[in-house]
Amino acid sequence: MKIFLTLLVSFFIFSCTKTEEKPDVVIDIKVSKKGYKPNNIDVFQGQVVLFRITALDDGVSVSFGNQNVGHCFYILPPYDVIVKNIKKGQTKEIKVKMIYPGDFIFTCPYCSGIFPTNGVIHVR
Ligand SMILES: [Cu+2]
């Protein structure tokens, strides 16, 4: 029962934040070994934000295996949405409905331990 509830809750959260709705704002972000640019983002609660993330390099490259080439854009829970493997020169998109107010960290799980690849989204 507990597992079922956890699954239900995570499905609810997942389906709520990642959306196919029309975006209210488009935010372009560049990511490289120098970090994210911008790394401080202000949005309003309830907005649907289209994040377009462009990688300027391949991050840790193949040193962690072929599957981990490029950078990620991961907004930590409760948003818990991720775009993986954004390779040099590539742009990947994700639409997120900003339903939770507060400050939320976004990071690259591949390389944030080595490079300053993290930032904060402020949801007002
Ligand atoms: Cu990275």
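What the table shows:
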| read-out | value |
| --- | --- |
| D (Stokes-Einstein, µm²/s), Kirkwood Cα radius, region 81-124, 0.692 mPa s at 37 °C | 270 |
| Peptide ranges 69-80, 99-110 listed from the most packed, as the mean C-beta count within 10 angstrom indicates | 69-80, 99-110 |
| 12 Å beta-carbon shell around Ile82, net charge (K/R +1, D/E -1) | +2 |
| Entries of Lys33/Lys84; Lys33/Lys92; Lys22/Lys88 with Cα pairs more than 25 Å apart | Lys22/Lys88 |
| Burial ranking of peptide ranges 54-61, 31-38 (average Cβ count within 10 Å, highest at the top) | 54-61, 31-38 |
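Rule-based calculations on the coordinates, nothing more; no lab input. Treat the numbers as computed from the prediction; the structure is a model and nothing was measured. As a convention, Cβ positions derive from the backbone with ideal geometry for all residues, glycine included, and neighbour counts pool all protein chains shown.
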